[in-house]
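To keep things clear, I will list the structure first and then write my remarks on it.
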Amino acid sequence: MLNYTFRRILVAIPTLLILIVITFLLMHSAPGGPFTSERPLPPQVLANIEAKYGLNDPLYVQLWEYLKGIVLHFDFGPSFVKKSQTVNDIIAQGFPITLTYGGLSFIFATLIGGTLGVVAAIRQNTFIDYFAVGISIGAQVLPNFVMAPLLVWLFTLTLGWLPGGGWNGGAWPNLVMPVIALATSYMASIARITRSSMLEVLNSNYIRTARAKGLPERTVIMRHALKPSLVPLISYLGVAFVGMITGSVIIDVYFSTGGLGQSFVNSALSRDYSVMMGVTILLGSLTVLFALLADLLYAWVDPKIRY
Amino acid sequence: MKKFTTTLAASLLGATMLTGAAYAATVAAGDTLAADQTFTYRVLDEHSSVDPQIVEDVSGADIVRDLFEGLMNQDADGNLIPGVATGFTTNDEKNVYTFTLREDAKWSNGEPVTAGDFVYAWRRLVDPATGSPYSWFGELMSIENVGAVMAGEAPLEDLGVTAIDDHTLEVRLTASLPYFALMTTHGSTFPSPQAVIEEHGDAWTNPENIVSNGAYVLTEHVPSELSVRERNPMYWDNENTVIEKVVALVINDENTAFTRWQAGELDRTEVPTGQYPRLSEEYPNEALSFPRLCSYYYTFNLSENGPEAFQDVRVRQALSYALDRSIITDKVLQGGQFQAYTFTPGATAGFEVPSVPYASMTQEDRDAAAVALLADAGYGADNPLTFDMLYNTSEGHKKIAIAMSQMWKQKLGVTAVLANQEWKTFLETRGNQDFQLARGAWCGDYNEASTFLDLLTSESGYNDGKFASDEVDALMNEAKTLTDATANYTRVEQILADEMPVIPVYHYTAVFMLSERVKNWPVENVEQNWYSRDLYIAE
């Protein structure tokens, strides 16, 4: 297992390197640049600015300098658009925000979705099952860009209980709506996946054997059924977790939370090369990391899997 | 209180101008001040910077105008009033300006604001090492040697700005600019504190480091969320300032912002697209619409890359005539926008909208003329005119483009193929003359017609359609030296109406929701240069 982990980490390095190179080239091949504007800058001014940011060097030199900055100083460079900030500043400011509401959404979605799924499977084809499936389908058809305005309409405009947006240092009234809006559709997927995999396990031979042994139903579910039913869920949760903690543009735009999702989209549109690169590398590393964690978890829940 | 000058034309007459008190928050009789003097407003995006020489976006410039004060300010109508300078003198050629600085102007750390601070800031603006995206403003101001300094061919000391003493600043220009003083209300000309910048580098604008000379100081900045500025007790006119605290909240989505305005979290926000008619009925005292110095147009590609059809003036006129602008302003936009028949908005100071023939015709007459012109040019059912129409991706631009192409289709049988590109790609395409007909928009950099008309001179870097007319070039060149250039501007607009290098569509209005509690908003200032210190919150 240690050996496997080590190998996976080794493979992650070239993966990230390829990601960096491709993103870098794609970004630079998009028409326009960070300083393209409605009022084209006089050539002299443009030359001055490009020289300041090293954009006048050949691409391979820029890429090399960029990689050197990351590896040697963990420096992702200055933002070309937000002049007083560096990429490190932007990530240091945005990532904790995204991590907070994303992490909470993850916990919320997993607990509620998982419970709904398990309960629905145990009580298959009863009122409880229909109710749980109903809720999860309802949540599935309400994507966050529909949820967000509905929540604001209810909690801010109608009831006046919660502020309509802003972060405010992560105070709980500001967290409620972003967390609900982000969590609902994930929760629905988790409930569905848990329910169907739980059903499959419950109908398997070894569960029949366990029941035949006369084990109490509680032990059958908790000890024998739950763990194996997690396998398909884990692969989904790995992806979902990265998706949630790396932020949602919709949540950031709608609730003005100031997380990374917004920087990701804005930097691509404004050709803020360095911010775009920094955020992509962060997302890429997290994806690689959680894919690895998910794989390691498989081995824990399913003894058939060995590395 | 004596106003500085009422119009630009008046400012051209005097050689010496001095005034008494500045404009400030004057509480109207009958208004009681609210206990909490906090003004909260929405900004679309995080500001680019609050460094006066670096900032390039409007919301950043609004903040800079509160944090720093330049030589001159504007009052609620956009007229020049004293700022750090109590007044200025100029010579007959209007190429040397001498500003007298007030003695009581101070930085927020208590140091006096001197002429040297302006010299430092202006050199910094054009210094290649600064890499300011607004250094072209120095060029626009025609300061002596600015080109050589920007190119790094001359030392900074050669720039034509000198501190004669601590309170006298002399500026030497290479051109005669009667409206020069107006330019000193622009943020990029505001002073900056050399010692602080040298100590902290790029981080000097952080709340813990910044030193500024305006009515407010930056006290908090949470990137992508908010910035807070609070009253600067060192400001020379602090006793006449009422607003204690100004909060700018970053809210990307205009509908969210509007909801939060409704919930009372904001005092000011933009009206969501297309909702002005409804909101102005629902909130008659709070939905505001007023002219802005911006022009929306489509430009023909007249370069050699452009289609041959557009070389024919009759085709250009036909397309412009057949465009029923009232449909665009009254049915599509519905925000009180103005139909445009001239390139320069009528709201521009000292600009009289000239009578161009096609503006006074009825739409039926224009349509008839358009059909005849196009037929003359040889286009019709047997030889249909088809061209591409390019705009940058946006729902609003799309609606307008669809309306325009439909009008052309129905009235003239012309097919305009719509295409949209994402903003930066669009700018690149248009700048490379890789288009046929493209959308354009221009907002004045200062309140004078040349900020628009210069765009269509052959030398202009912004003339993406590559229209070239010797007469326009000559008239605009001459205008720079005239005390009153109205006749030149009128003539240029007439040439534009004849030659139709661009199709003027409409002139912008600003539409926003302003809480009734906020008083003194400068609705008459077409540049929307507002200063928080002029506002107050009533109960």
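The values are calculated or read from the model by the stated rules, or taken from the named source; none is laboratory data. Since the structure is predicted, the reported quantities are computational estimates derived from the model, not experimental observations. Please note: Cβ atoms are built from the backbone with ideal geometry, for glycine as well, and neighbour counts cover all protein chains shown. For accessibility, only protein heavy atoms count, side chains too; no ligands or nucleic acids. Shrake-Rupley method; radii C 1.70, N 1.55, O 1.52, S 1.80 Å.
Results, tabulated for the structure shown:
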{"read-out": "Relative contact order (%) - criterion: Cα under 8 Å, at least six apart; region: chain B", "value": "21"}
{"read-out": "Spatial separation of Cα centroids for segment B:377-406 and segment A:1-21, in angstrom", "value": "52"}
{"read-out": "Cα centre as origin, Lys/Arg/Asp/Glu Cβ charges: chain B dipole, Debye", "value": "1180"}
{"read-out": "Peptide B:217-224 - average C-beta neighbours from other chains (10 Å radius)", "value": "4"}
{"read-out": "Hz values of 3J(HN,Hα) by residue in segment B:38-48 - Karplus curve (6.51, -1.76, 1.60), Gly and Pro given as x", "value": "10, 10, 10, 9, 9, 10, 5, 9, 4, 5, 6"}
{"read-out": "Paramagnetic reach from B:N109 in segment B:181-200 [backbone N under 16 Å; point 7 Å along Cα→Cβ]", "value": "B:191-200"}
{"read-out": "Label-to-label distance, nm, for residues given as B:E282 and B:A203 (7 Å Cα→Cβ offset)", "value": "4.6"}
{"read-out": "Under 16 Å from A:K68, Cα to Cα: aspartates and glutamates that are on another chain or at least 8 residues apart", "value": "A:D57"}
{"read-out": "Degrees, to the nearest 10: B:363-376 long Cα axis against longest axis of chain B", "value": "60"}
{"read-out": "C-alpha center-to-center spacing [segment A:215-286, segment B:287-361] in angstrom", "value": "49"}
{"read-out": "All lysines inside 24 Å of A:K304 as judged from Cα atoms, apart from same-chain residues fewer than 8 positions distant", "value": "A:K213, A:K227"}
{"read-out": "Farthest positive-ward along the protein assembly as shown dipole, Cα basis, beta-carbon charges - from B:N447, A:Y273, B:N520", "value": "A:Y273"}
{"read-out": "Charge tally in the Cβ shell below 14 Å around A:Q124, where Lys, Arg are +1 and Asp, Glu are -1, A:Q124 excluded", "value": "0"}
{"read-out": "28 Å Cα-Cα threshold exceeded, pairs from B:K399/B:K480; B:K331/B:K411; B:K245/B:K398; A:K83/B:K424; A:K52/B:K106; B:K398/B:K466", "value": "B:K399/B:K480; B:K245/B:K398; A:K52/B:K106"}
{"read-out": "Where labels lie 7 Å past Cα in the beta-carbon direction, separation of A:N3 and B:A154 in nm", "value": "7.5"}
{"read-out": "Charge tally in the Cβ shell below 14 Å around B:A375, where Lys, Arg are +1 and Asp, Glu are -1, B:A375 excluded", "value": "-2"}
{"read-out": "Phi-based couplings in Hz for segment B:172-185 (Karplus 6.51, -1.76, 1.60; Gly and Pro marked x)", "value": "10, 10, 8, 10, 8, 10, x, 9, 4, 4, 4, 5, 7, 8"}
{"read-out": "Alpha carbon centroid spacing (whole Å) that separates segment B:425-483 from segment B:210-250", "value": "37"}
{"read-out": "Sequence-distant residues sharing a close amide H with B:Q275 (under 5 Å, placed H)", "value": "none"}
{"read-out": "At 0.692 mPa s and 37 °C, Stokes diffusion of segment A:148-282 via Kirkwood alpha-carbon radius, µm² per second", "value": "182"}
{"read-out": "With all protein chains modelled, accessible area of A:T219 [1.4 Å, Å²]", "value": "40"}
{"read-out": "Taking chain A and dividing mean pair separation by its residue count, relative contact order in percent (alpha carbons under 8 Å, at least six apart)", "value": "27"}
{"read-out": "Kirkwood Rh and Cα Rg combined as Rg/Rh, segment B:418-539", "value": "1.07"}
{"read-out": "With DNA, RNA and ligands ignored, accessible area of A:L104 (1.4 Å probe; Å², nearest 10)", "value": "80"}
{"read-out": "For B:E270, residues with placed amide H under 5 Å, excluding near neighbours", "value": "B:M513"}
{"read-out": "Shielding by partners - mean other protein chain Cβ count within 10 Å, residues of A:28-40", "value": "6"}
{"read-out": "Solvent exposure, largest accessible area first (probe 1.4 Å, DNA, RNA and ligands not counted), of B:H397, B:H200", "value": "B:H200, B:H397"}
{"read-out": "Accessible heavy-atom area order of A:R211, B:R172, A:R123, highest first, probe of 1.4 Å", "value": "A:R123, A:R211, B:R172"}
{"read-out": "The protein assembly as shown: radius of gyration over Cα atoms, expressed as a fraction of 2.2 N^0.38 Å", "value": "1.08"}
{"read-out": "Shape of chain A, Cα gyration tensor, a/c cut at 1.5", "value": "oblate"}
{"read-out": "q = 0.08, 0.14 Å⁻¹, segment B:291-510: log10 I(q)/I(0) [Debye, one scatterer per Cα]", "value": "-0.26, -0.84"}
{"read-out": "DSSP beta bridge pairing in segment B:291-510, given as percent antiparallel to the nearest 5", "value": "60"}
{"read-out": "Mean Cβ neighbour count within 10 Å, used as a protection proxy, ranking B:95-105, A:291-301 highest first", "value": "B:95-105, A:291-301"}
{"read-out": "Positive minus negative residues near B:T483 (Lys, Arg vs Asp, Glu; Cβ under 15 Å)", "value": "-3"}
{"read-out": "Convex hull projection area averaged over all views, chain B, Cα basis, nm²", "value": "24.7"}
